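Colleague: One structure, pasted below without further comment.
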Amino acid sequence: MTSQVRNPRKKNTCLGKGAGIKILDARSICDPRMVRYLLQVANKHLIPWQPDIKEVGGTDTEALQRSGHRGAIAAPYLPLRATFTKL
């Protein structure tokens, strides 16, 4: 990977530190090929990114992996705060 890769046992993303790239969570392990591709694209275009490694929770990545369709699956996203609050 690149010099930006950190070595945390668990890492939550932070606001203002770049896009999140999910590596794993309690329910899925993202395809390493897709994670490498996302990191290459981010680094090529100077897009700040941060790894997302969690021991709890999950995303729709799990459902996609279990659907039986073939493909490399990973979960890039933008970290947000208070996504479930009313405006």
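Colleague: Determine which aspartates and glutamates satisfy two conditions relative to residue 17: a Cα distance under 20 Å, and not lying fewer than 8 residues away in the same chain.
Modeller: Within the straight-line cut-off, residue 17 pairs with 25, 52.
Colleague: Now for a different question. When only alpha-carbon atoms count, how far does region 19-77 stretch along each of its three principal axes, as whole angstroms with the largest first?
Modeller: 33, 25, 15
Colleague: Moving on to the next point. In whole Hz, with x marking every Gly and Pro, tabulate ³J(HN,Hα) for region 16-32 from phi via Karplus 6.51 cos²θ - 1.76 cosθ + 1.60, θ = phi - 60°.
Modeller: x, 10, x, 5, x, 10, 5, 9, 7, 9, 5, 10, 7, 10, 5, 4, x
Colleague: Place the peptides 67-73, 19-25 in order of packing, highest mean first, counting for every residue the other Cβ atoms within 10 Å and averaging per peptide.
Modeller: Values: 67-73: 10.3, 19-25: 19.1.
Listed from highest to lowest mean packing, they are 19-25, 67-73.
Colleague: In nm, to one decimal, how far is the residue 12 label point from the residue 29 one, both placed 7 Å along Cα→Cβ?
Modeller: 2.5
Bear in mind these aren't lab numbers, they're just calculated from the coordinates by the rules spelled out. Values in this document were obtained by computation on a predicted structure and should not be read as measured data. Using ideal geometry, Cβ is built from the backbone for each residue, glycine included, and neighbour counts are taken over all protein chains shown.
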